[in-house]
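Participant: Sharing a structure with you now.
The values are calculated or read from the model by the stated rules, or taken from the named source; none is laboratory data. Note that the structure is predicted; figures quoted are calculated from it, not measured. When we count neighbours, we look across all protein chains shown, and the Cβ atoms used for this are built from the backbone with ideal geometry, even at glycine. Just so you know, the surface numbers come from the protein's heavy atoms only, side chains and all, with ligands and any DNA or RNA stripped out. Shrake-Rupley method; radii C 1.70, N 1.55, O 1.52, S 1.80 Å.
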Amino acid sequence: MTNPNQPVITTSVVFTQPEQLSQSDSIGLFSLDDIVKHQFPYHPYAYAQASALIADEQASIIQDCGELPPAEFYVTKLTDLLIQAAKHQHGQPLRVALSGVESSSRVGRVGSELEPAEINPAMGLRGVSRYANSAHRKSFALDCEAIKRARMEESCQNIELVIPFVRTFSEAATIIDLLAEQGLCRGAQGLKVNMLAELPANALLAETFLQYFDGMVLDIDVLAQFTLALDPEHEALTYLYDEQNEAVLTLLRHALKATEKAGKPCALISRHLDDSPKLVRWLHEQGISGVIKA
């Protein structure tokens, strides 16, 4: 039974599968990692570097991509998905999060052998450090090309970018430069570039980070993971995993105040909102009325 005294937080969804999207759904985030997971059977590097695959794998991906070369197939399909999602928003922003997932999550897919192996993927090449790495550059270019094409479509200038795993101010400057090299210049044709704040450093130094970005998306769960140094999949540690820990709330409060001071938008994302009534009340007390539900 619903508690009539419980504050109501409206939610928007993460776009993954268009067939599951209802007309009433608002898309809070278009995650390239989730799209690749659900819509593309191969590792992104397989599309970007098909010629580097062994003969049997090359034959398989070429057959599956039909008349188009694998790279063009990837860009065309991703462009179509972006356009569909952007138009669904009816002018409201479509936040497109670039890749930030751990490399280990894609092991086993055809093409994963092209991605450098890492001892500790959670702390490895993610976000900006991945885009700047030569091994990832071709895949990054395909993502950027799809975004450029989608933004050229009528009614799709509402597409904004969200950059995960920005560790330092230097990386903040680097991603703006990398995007510009791919023809995605912040501010051109109204393009907005936001930061996905997942790290304690992002929250602690939010005022300075926001000088490089047009807004922020706060990932409550990942911020809690790195603040408390926890593996959320470790069963023996689940009792410690708490987005309502005072250290986490202090970081969230600091970031929210920084965005308010800068006059820039801040969205929040959580995967456990339904199980966290105290967090819902805390968000309501901070004046938050909507959260992206992953």
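Participant: Hey, does region 93-106 have a residue that's touching a helix residue (DSSP H, G or I) at 6+ places or on another chain (Cβ under 7 Å), farther than 24 Å from GLY28 by Cα and modelled with pLDDT of 95 or more?
Facilitator: No - not one qualifying residue is present in region 93-106.
Participant: Here is a follow-up. Could you tell me which of the residues GLN189, GLN244 is open to solvent by 70 Å² or more (accessible area, probe 1.4 Å) and either over 17 Å from the mean Cα position of the chain (by Cα) or at pLDDT 95 or above (or both)?
Facilitator: So the residue among GLN189, GLN244 that is open to solvent by 70 Å² or more (accessible area, probe 1.4 Å) and either over 17 Å from the mean Cα position of the chain (by Cα) or at pLDDT 95 or above (or both) is GLN189.
Participant: Restricting to helices (runs of 4 or more DSSP H) lying wholly in region 34-135: which have 1 or more residues that are farther than 22 Å from ASN194 by Cα? Steps first, please.
Facilitator: Details: elements: 44-48, 55-64, 70-88, 128-131.
The qualifying helices (runs of 4 or more DSSP H) are 44-48, 55-64, 70-88.
Participant: Which residues, taken from region 140-178, are more than 17 Å from GLY190 (Cβ to Cβ) and part of a loop (DSSP other than H, G, I, E, B)?
Facilitator: Answer for region 140-178, where residues must be more than 17 Å from GLY190 (Cβ to Cβ) and part of a loop (DSSP other than H, G, I, E, B): PRO164, PHE165, VAL166, ARG167, THR168.
Participant: Which residue is least open to solvent (accessible area, probe 1.4 Å), if the candidates are limited to region 106-115 and must be in contact (Cβ under 8 Å) with a residue 24 or more places away in the chain and not acidic (Asp, Glu)? Spell out the reasoning first.
Facilitator: If we filter region 106-115 for residues that are in contact (Cβ under 8 Å) with a residue 24 or more places away in the chain, which is where we start, we get 106, 109-112, 114-115.
This time we only want the ones that are not acidic (Asp, Glu), so: 106, 109-112, 114.
Details: ARG106: 22, ARG109: 61, VAL110: 44, GLY111: 0, SER112: 25, LEU114: 41 Å².
This residue is GLY111.
Participant: I'd like to check something: does region 17-29 contain any residue that is of a type in the set (Val, Ile, Thr) and either more than 18 Å from the chain's Cα centre (by Cα) or part of a loop (DSSP other than H, G, I, E, B) (or both)?
Facilitator: Restricting attention to region 17-29, the residues satisfying the condition of being of a type in the set (Val, Ile, Thr) are 27.
Narrowing the set further to residues that are either more than 18 Å from the chain's Cα centre (by Cα) or part of a loop (DSSP other than H, G, I, E, B) (or both) leaves none.
No, region 17-29 contains no residue that is of a type in the set (Val, Ile, Thr) and either more than 18 Å from the chain's Cα centre (by Cα) or part of a loop (DSSP other than H, G, I, E, B) (or both).
Participant: Since LYS264 meets every condition but one in (1) closer than 27 Å to ALA86 by Cα; (2) part of a helix (DSSP H, G or I); (3) more than 18 Å from the chain's Cα centre (by Cα), which condition does it not meet?
Facilitator: Only one criterion is unmet by LYS264, namely (2).
Participant: Also: Against the condition within 20 Å of MET152 (Cβ to Cβ), in contact (Cβ under 8 Å) with a residue 60 or more places away in the chain and within 19 Å of the chain's Cα centre (by Cα), how does ALA71 come out, does it pass? Talk me through it step by step, then tell me what you get.
Facilitator: On the way: within 20 Å of MET152 (Cβ to Cβ): yes; in contact (Cβ under 8 Å) with a residue 60 or more places away in the chain: yes; within 19 Å of the chain's Cα centre (by Cα): no.
No, not satisfied.
Participant: Related question: I'd like the full set of residues that are modelled with pLDDT of 95 or more, open to solvent by 10 Å² or more (accessible area, probe 1.4 Å) and in contact with a helix residue (DSSP H, G or I) (Cβ under 9 Å, 6 or more places away or on another chain), limited to region 204-231.
Facilitator: Passing the criteria: LEU204, LEU205, GLU207, THR208, GLN211, TYR212.
Participant: Do the conditions hold for SER270, that is, is it in contact (Cβ under 8 Å) with a residue 40 or more places away in the chain, open to solvent by 10 Å² or more (accessible area, probe 1.4 Å) and among the polar types (S, T, N, Q)?
Facilitator: Working: in contact (Cβ under 8 Å) with a residue 40 or more places away in the chain: yes; open to solvent by 10 Å² or more (accessible area, probe 1.4 Å): no; among the polar types (S, T, N, Q): yes.
No, not satisfied.
Participant: Looking at region 235-254, is at least one residue on the phi > 0 side of the Ramachandran plot and not aromatic (Phe, Trp, Tyr)? Steps first, answer last, please.
Facilitator: So in region 235-254, the residues on the phi > 0 side of the Ramachandran plot come out as none.
No, every residue in region 235-254 fails to be on the phi > 0 side of the Ramachandran plot and not aromatic (Phe, Trp, Tyr).
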